[in-house]
Amino acid sequence: MTDLLRLATAGSVDDGKSTLVGRLLYDTKSVLADQLDAVRRASVDKGLSTPDLSLLVDGLRSEREQGITIDVAYRYFATPRRTFVLADTPGHVQYTRNTVTGASTAQLAILLVDARKGVVDQTRRHAAVLALLGVPRLVLAVNKIDLVDYDRETFEVIAKEFAVHAGALGYPAGAVLAIPVSALQGDNVVENSASTPWYTGPTLLEHLESVPVEPDPHEAPLRFPVQYVIRPRTPEHPDYRGYAGLVATGSVRPGDEVVVLPAGRLTKVTRVDTPDGALPEATAGRSVTLLLADDIDVSRGDLIVGQGKPPKITDELDATLAWLADKPLRAGARVLVKHGARTVQALVGELRTRFDEQKLSTVEGPESLSLNEIGQVSLRTSERIPVDDYATHGRTGAFLVIDPADGTTLAAGLVGAPLPLPNKLPNKG
């Protein structure tokens, strides 16, 4: 059985992310014939003599017309060695919020730079976001290497500059690999390029197939956010009461003792149910319905956890926010915090620091956080909620900040997560 690698792309606009993803799909024969025919027709309409592989990813009409990516495009492909789930994220500064979304579950990120431009502000910004989210491995794809005549010195200067920046963000040398590629021509994407004899490392696909993948967090303590309470009240199931959700971390079996938070009630799992019948065990990533031994009050938003290493239950959050809204955040703002399936009112307390991703420094006591800025803040919630530190359990240590007026997402929050400063890269849980 092949294992799974979740990856994301990032980089500045027009650096060729969609073309690179299209090249991977095309060269791994992961494109259906009708999809390829549609791309060929669209390419002819644009006056091109060869297929524009970026169109395999830029599926939205507005993106095709503008030639940009404005949303996160998820693609799935496989080789005999591994299965991949890839999130292609936008390059524009105003869409950094989409990069946060696409990279939030990534085990590896491909960060593209244009060989003619090198490391730019958006490169450093994306690297900081990836470090903050705890993406453990990076590939620096120095794209359009053909447009600098496959010059070795150009590649090595860019690779060295980025290695220094990534190291300052906490990435060890072995976690970052630079590869010279041409997404348009296919150099070093799937096949080694004769035009770069000086490069002796793996192709991009070879690296993606061989890079170590951290196992899913099955061994972590159980975290099961309740999404829905199922009470069919039918003659066939007159007393059925189940709690549906996704196993975020750990595993659960019939007979396991569990605690329902925030109330703290102890009970036992009697059945792990699915539409196809009961399971002897459910592990992280599986959607199931749990039946409990005791008739206790469990509601949407509650968290069912295993015995030992419980989350903290608090109404005071120290967190790092990636601010995603046009209007700035200031102390005293009233917001909503969505943690798992629970949404509570919250008051923004102190804005403690703001991170400067270009200088790799912090500004103490900022007056506000603006679009795409990252900072550490304190929040007081109207109710006590069970939370983990993001560095320990990423799936239950993350939350969203929402505008109570119109329901728009204002920020992505990480409980207790340190800002991405030297030697403080969080481990993804």
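Of everything listed in (1) of a type outside the set (D, E, K, R); (2) in the same structural domain as Ile230 (by TED's automatic domain parsing); (3) assigned to a strand (DSSP E or B), the single unmet condition for Gly301 is (3). Among the residues examined, Gln307 does not qualify as in contact (Cβ under 8 Å) with a residue 40 or more places away in the chain, polar (S, T, N, Q) and either closer than 30 Å to Ala183 by Cβ or surrounded by 13 or more Cβ atoms within 10 Å (Cβ to Cβ) (or both). Of all positions in segment 157-169, at least one carries a residue that is assigned by TED's automatic domain parsing to the domain that holds Ser18 and assigned to a loop (DSSP other than H, G, I, E, B). Summed over segment 359-403, residues that are in a strand (DSSP E or B), under 19 Å from the mean Cα position of the chain (by Cα) and of a type in the set (Gly, Ala, Ser) total 2. When Ala109, Ala141, Ala131 are checked against the criterion of being under 27 Å from Ser361 (Cβ atoms), modelled with pLDDT of 85 or more, assigned to a strand (DSSP E or B) and out of contact with any Asp or Glu (no Cβ under 8 Å at 6 or more places or on another chain), a single residue qualifies: Ala109.
To keep it simple, each residue is scored yes or no on (1) out of contact with any Ser or Thr (no Cβ under 7 Å at 6 or more places or on another chain); (2) closer than 20 Å to Ala103 by Cα; (3) of a type in the set (D, E, K, R).
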{"position": "Val129", "(1), (2), (3)": "no, yes, no"}
{"position": "Leu132", "(1), (2), (3)": "no, yes, no"}
{"position": "Leu140", "(1), (2), (3)": "yes, yes, no"}
{"position": "Leu147", "(1), (2), (3)": "yes, no, no"}
{"position": "Thr154", "(1), (2), (3)": "yes, no, no"}
{"position": "Val164", "(1), (2), (3)": "yes, no, no"}
{"position": "Asp187", "(1), (2), (3)": "no, no, yes"}
{"position": "Asn192", "(1), (2), (3)": "no, no, no"}
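Filtered by the rule that a residue be surrounded by 15 or more Cβ atoms within 10 Å (Cβ to Cβ) and in a loop (DSSP other than H, G, I, E, B), segment 330-349 gives Ala331, Ala333, Gly340, Ala341. Checked against (1) part of a strand (DSSP E or B); (2) surrounded by fewer than 18 Cβ atoms within 10 Å (Cβ to Cβ); (3) not assigned by TED's automatic domain parsing to the domain that holds Asp403, Leu290 passes all but a single condition, namely (2). Would you confirm, using the coordinates I've provided, whether Asp302 is charged (D, E, K, R) and closer than 26 Å to Ala411 by Cα? So Asp302 fits the description; yes.
The values are calculated or read from the model by the stated rules, or taken from the named source; none is laboratory data. Computed from a prediction, not measured in an experiment: that's the story for all the values here. Ideal geometry is used to build each Cβ from the backbone, glycine not excepted, and the neighbour counts take in all protein chains shown.
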